[in-house]
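The structure appears right after this line, and notes come after that.
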Amino acid sequence: MKLLENILLATDFSKSSDDAVKNAIVLAKKFQSKITLVHVLPNYIRNEKAKFLLNKEAKSQLDVINSTINNAGVKTHTPIIKYGSYCDNIVKSGDKINADLIMVGSGEKSKNNLCQLGTTAETIIRKSNKPIWVVKKGSVLSIKTILCPVDFYDESKCALKNAISIAQKFKAKLVVFNVYEVISPESLRPAFNWDELNQNSHTRHLKEFNLFLTDFNLTDLNLRKKIQGGIPDVEILKAIKKYNSDLLIMGASGKTGLSRMIIGSVTEKVIREVPCSFITLKS
């Protein structure tokens, strides 16, 4: 997503997909990107006439969306229609057009205004090695605050590089956030001073955090750095609410083969309950 020349925008013509279209238009304008629409039809339809009519209707709806995008001043490539597995075809299409980003709606699930990630979006995240932008239902792309959790691994470096780029484009505040493990008194013998141990842990993490950030150009950024002791997924969700974040950007484990299917336990827990749109990136 360094240059963001090509955005693959998956649509199933639902309200969630409509929200993704609106967000993609704003994003493409900021980065001068081109958008490619993709829609996947089922392959179990045996009646040729029914299949023809379904294909015709899908093409018609894609043309309408494509025209909407063009009328907004964004260039597009020819829309793609595929048959078969929705998730597999989205992932393959992203690879085929060398997309810098795949954008999808979060799905129709909602609970207490949380994103409530749908199974389709989650499967795409698992299977693709592309950055995935999941748009919260009903959200408008107005990015004022970005939260980027880091754990000092390659995926975090990738996430932070892109968070910096997006923060610069949108002139948004960037909160770089790290969570370290807190040692509880129950896990130690009474003779230990666990307050002192946790303070030492905080000091070590702060030093590592600052060292990690030296690899990035943070000049001219509205930046806030924060480290917090606790359980990572719990503290990240708290931080999203605390800083009123519009966008979460975080790394996800895995690149190829079986490891490609691994999101990472912290990321997986967070994106299931995240109250805003988010991007996951693999190194």
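No lab work stands behind these numbers, since they all come straight from the coordinates. If you're wondering where the values come from, they're calculated on a predicted model, not measured in any experiment. For neighbour counting, all protein chains shown are included, and Cβ atoms are generated from backbone atoms with ideal geometry for every residue, glycine included.
A few points about this structure:
- Surrounding net charge for K56, when Lys and Arg each add one and Asp and Glu each subtract one, Cβ distance under 11 Å: +1
- For K173, the residues whose modelled amide H falls within less than 5 Å of its own, excluding neighbours fewer than 5 places apart on the same chain, are T145, I146.
- Of K137/K171; K242/K282; K82/K161, pairs whose Cα-Cα distance is over 28 Å: K82/K161
- Distant-in-sequence amide H partners of Y180 (H built 1.01 Å from N, under 5 Å): Q228, G229, G230
- Karplus-based coupling profile of the range 84-92, in residue order and whole Hz: x, 5, 4, 5, 4, 6, 5, 4, 5, with θ = phi - 60° in 6.51 cos²θ - 1.76 cosθ + 1.60 and x standing for Gly or Pro.
- Cβ-based net charge around L237, under 11 Å, with every Lys or Arg adding one and every Asp or Glu removing one: +2
- If you take all other residues with their beta carbon under 13 Å from the beta carbon of V38, and give Lys and Arg +1 and Asp and Glu -1, the sum is +2.
- Sequence-distant residues sharing a close amide H with L141 (under 5 Å, placed H): none
- Neighbour cut-off at most 14 other Cβ (10 Å), DSSP loop, trypsin sites (Lys or Arg not before Pro), the range 54-97: K75
- Legend: distances between Cα atoms for K157/K226; K22/K75; K96/K136; pairs beyond 21 Å are K96/K136.
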